[in-house]
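Contents: one structure, followed by commentary.
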Amino acid sequence: EDLIVPHTFGSIIFVNISDYQNQNIASELFTHEMAHVRQKHTLDVLFIEILKTIFWFNPILIFYKKAIQLNHEFLADETVIVSHQNVSIYQQLLLSKSYIPTNLYLTSNLNSFLKTKKRFIMMTKTTSTNTQWIKKALVAPLFLGLFMFATTTSAQVVTEKEQQTN
């Protein structure tokens, strides 16, 4: 009954009851939340929470969790944009929902000004296929070089150990 931001946990979508009864939930928001459900984003969040519990001394996991949740939002936003084909209306809808405070920790929700700003930038960002191919072409030799370095280094270490034992 409280004024809440639509959010998901597992396969359950939480919305304000009066909005639900009056069918006052935008189809874009429903599509967004259904994307979280279909892509099982809760499992990722629960997994990182388990890791944070086990490795409580590692602060990097906090940043991983934030990055994973932001990536989940990007994926859900992409689903909405592909389905509804209107970025500006969706952005206005997100902006209208972003003022509602929330303190839900494990759910996928529409919160935080900075997160919303990053999402807006990502929605309007376009990358040409040529640029994508160039980036992949530059990264491939780097990984090949690292692989070659690692294998030759480990082979040298094994050879040196064999010589020492003889």
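The values are calculated or read from the model by the stated rules, or taken from the named source; none is laboratory data. All of these numbers come straight from a predicted model, not from anything done at the bench. Methodologically, a virtual Cβ is constructed for each residue, glycine included, from the backbone with ideal geometry; neighbour enumeration extends over all protein chains shown. Ligands, DNA and RNA are stripped out before the accessible areas are found, and what is left, the full protein with its side chains, is counted by its heavy atoms. Shrake-Rupley method; radii C 1.70, N 1.55, O 1.52, S 1.80 Å.
See the values below:
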{"item": "Residue that is part of a strand (DSSP E or B) and either at pLDDT below 90 or farther than 23 Å from Q91 by Cβ (or both), where the choices are I13, I50, I4", "result": "I13"}
{"item": "Check on S27, in contact (Cβ under 8 Å) with a residue 40 or more places away in the chain and surrounded by fewer than 15 Cβ atoms within 10 Å (Cβ to Cβ)", "result": "yes"}
{"item": "Selection count, segment 1-24, where residues are surrounded by fewer than 18 Cβ atoms within 10 Å (Cβ to Cβ) and either in contact with a helix residue (DSSP H, G or I) (Cβ under 6 Å, 6 or more places away or on another chain) or among the hydroxyl-bearing types (S, T, Y) (or both)", "result": "5"}
{"item": "Residue match in segment 84-91 (condition: more than 17 Å from the chain's Cα centre (by Cα), within 15 Å of F120 (Cα to Cα), open to solvent by 30 Å² or more (accessible area, probe 1.4 Å) and not polar (S, T, N, Q))", "result": "yes"}
{"item": "Any hit, segment 54-70, residues being touching a residue at least 24 places away in the same chain (Cβ under 8 Å) and buried (at least 17 other Cβ atoms within 10 Å of the Cβ)", "result": "yes"}
